[in-house]
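The structure is given below, and queries will be raised subsequently.
The values are calculated or read from the model by the stated rules, or taken from the named source; none is laboratory data. None of the values given here were measured: they were computed from a predicted structure. Cβ placement follows ideal geometry from the backbone for every residue including glycine, while neighbour counts extend to all protein chains displayed.
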Amino acid sequence: MDLLSDEAYLHCIRCGLCLAVCPTYRETLNETDSPRGRVALVRAQQEGRLDRSTNYGDKFFRCLLCQACESVCPSGVELPEILQGARDDVAGHELLPERLAELDRAITEQHNISSEDNTGRLIWAENLPVPPSGQGKSQAELAYFVGCVGSFFPRSYNVPRAFVEILDKAEVDYALLGGLEWCCGYPQYIDGELGLAEQAIRHNVAKVRALGAKRVVFTCPSCYHIWQHVYPEVLGEALDLELFHSTELLDQLMAEGRIEVGPFPKRVTYHDPCDLGRKSDVYDAPRRVLQRIPGLTLVEMKENRENAHCCGGGGNLESYDPDLGGGVAQRRVEQAAETGAEVVVSACQQCERTLGNAARADKVRVRVMDVSEVVLKAMESLKR
């Protein structure tokens, strides 16, 4: 985005409504941690009243890119474009914070966010009672793109484990890419370094096409979002693939009667991941899945759907300022506790990690699970 010629920042009337929903501002009460403050910084820099500097760039990488601000802006300010454009501008002038530059280099060199041997992407499958049927397949109708968090963070292994068990029980023809899967490129993209992600984008699409797959499913909303909205832009063409988030596929399989569930007698609240909800407009599928489970009582947090509070794990904030992200997560866990729910359910490996960590740190007596884990538990309850 050309911030100067577009002058999108001039539309801000400084009403302050964004302050009430911005997760980072609510933690720090610092004007430069608010969308309004960040837009003012962009305007000052573009009009020559403020120099680019490391301190200037810092303000944009303390943003979660959750887009809560856009949902309440009465002036139609293109906040996501401005905030991402500022990151692009900072990175283009070689002012990217070193922690994030290191993350981007690791992804380029190792093809994952953990700097681990990428051939180990299926380590999460090793403790399953039966190896996934999609492991080692060279052809399949559906490709399951697991993502870096589910592949390399032990706290998140249960998400892909649960999902492949469900796919196998439903007799879905799917394939896992394993070490042929590379990071989707989302962390580099939001750091303002989309050029670094182009090789991975082309690689991932080529490997999925080589399977003969017509559909791709994701348990990671960030992977899902970048494949939907950025991959076609980089490739210069529409993808010849149907893209599904796991909750959308589960919703479809349950509607077709291919998944049978028993009771899950818990009071549950659902957390909308930002990349799945506000950024991809998937709100109903996960709720329909949960509402089909006998005995499950679904209650909503006071901030839900397009007004949902971020988990604190977006925008690469965990890599840049984990303490700030942790504070955001604690606020969301408190909102969940207010509902009296026994379980907080999300549909994102990163949300599950951040909310789970916050619940333990705050000693909040609430369990954090993924939608896939809940569905698998309900399927298993039929055997009892």
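Of the residues in region 153-162, how many are in contact (Cβ under 8 Å) with a residue 40 or more places away in the chain and more than 13 Å from PRO131 (Cα to Cα)?
5
Then there is this: Looking only at residues that are closer than 15 Å to CYS274 by Cβ and polar (S, T, N, Q) in region 201-237, which one is surrounded by the fewest Cβ atoms within 10 Å (Cβ to Cβ)?
GLN228
Hey, another quick one. Which one of the conditions (1) under 28 Å from LEU65 (Cα atoms); (2) more than 19 Å from the chain's Cα centre (by Cα); (3) of a type in the set (Asp, Glu) does GLU248 fail to meet, given that it meets all the rest?
(2)
Hey, among the residues in region 131-163 that are under 20 Å from ILE107 (Cβ atoms) and in contact with a Gly (Cβ under 6 Å, 6 or more places away or on another chain), which one's surrounded by the most Cβ atoms within 10 Å (Cβ to Cβ)?
That would be PRO160.
Sticking with this one: Suppose the filter is within 15 Å of VAL371 (Cα to Cα) and either crowded, with 18+ Cβ neighbours inside 10 Å or among the hydrophobic types (A, V, I, L, M, F, W, C) (or both); does VAL261 pass it?
Values: within 15 Å of VAL371 (Cα to Cα): yes; either crowded, with 18+ Cβ neighbours inside 10 Å or among the hydrophobic types (A, V, I, L, M, F, W, C) (or both): yes.
So VAL261 fits the description; yes.
Still on this structure, I have one more. On the given criteria, is LEU50 crowded, with 22+ Cβ neighbours inside 10 Å, in the same structural domain as LEU10 (by TED's automatic domain parsing) and either modelled with pLDDT under 95 or among the β-branched types (Val, Ile, Thr) (or both)?
Taking the combined requirement at face value, the residue does not satisfy it.
Please indicate, with yes or no, whether at least one residue in region 199-216 is assigned to a strand (DSSP E or B), out of contact with any Leu (no Cβ under 7 Å at 6 or more places or on another chain) and either in the same structural domain as ILE113 (by TED's automatic domain parsing) or within 18 Å of SER114 (Cα to Cα) (or both).
no
To keep it simple, each residue is scored yes or no on (1) more than 21 Å from THR354 (Cα to Cα); (2) touching a Ser or Thr at 6+ places or on another chain (Cβ under 9 Å); (3) among the acidic types (Asp, Glu).
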residue	(1), (2), (3)
VAL208	yes, no, no
PRO221	no, yes, no
LEU241	yes, no, no
GLY262	yes, yes, no
SER280	no, no, no
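Restricting region 238-251 to residues that are surrounded by 15 or more Cβ atoms within 10 Å (Cβ to Cβ) and among the charged types (D, E, K, R), which is farthest from PRO80 (Cα to Cα)?
Result: ASP251.
Test of understanding: among SER114, SER71, which residue is at negative phi, in contact with a Phe, Trp or Tyr (Cβ under 6 Å, 6 or more places away or on another chain) and not assigned by TED's automatic domain parsing to the domain that holds GLU306?
Being at negative phi, in contact with a Phe, Trp or Tyr (Cβ under 6 Å, 6 or more places away or on another chain) and not assigned by TED's automatic domain parsing to the domain that holds GLU306 holds for just one of SER114, SER71, which is SER114.
Okay, residues lined up against (1) touching a residue at least 60 places away in the same chain (Cβ under 8 Å); (2) of a type in the set (Lys, Arg); (3) assigned to a helix (DSSP H, G or I):
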site	(1), (2), (3)
ALA40	no, no, yes
GLN45	no, no, yes
ARG52	no, yes, no
LYS59	no, yes, yes
CYS66	yes, no, no
GLU81	yes, no, yes
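Give, as residue ranges, the helices (runs of 4 or more DSSP H) completely inside region 284-384 that count at least 2 residues that are surrounded by fewer than 16 Cβ atoms within 10 Å (Cβ to Cβ) and of a type outside the set (Val, Ile, Thr).
The qualifying helices (runs of 4 or more DSSP H) are 284-291, 322-338, 349-362.
Out of the residues in region 263-283 that are not hydroxyl-bearing (Ser, Thr, Tyr) and not in a loop (DSSP other than H, G, I, E, B), which is nearest to the chain's Cα centre (by Cα)?
Looking at residues that are not hydroxyl-bearing (Ser, Thr, Tyr) and not in a loop (DSSP other than H, G, I, E, B), I get VAL268.
Consider only pairs whose beta carbons are under 6 Å apart and that are at least six residues apart or on different chains; among these, list those whose first residue lies in region 228-246 and is modelled with pLDDT of 95 or more and whose second residue is assigned to a strand (DSSP E or B).
GLN228/LEU243; LEU241/VAL216; GLU242/ARG215; LEU243/VAL216; PHE244/VAL217; HIS245/PHE218; SER246/VAL217
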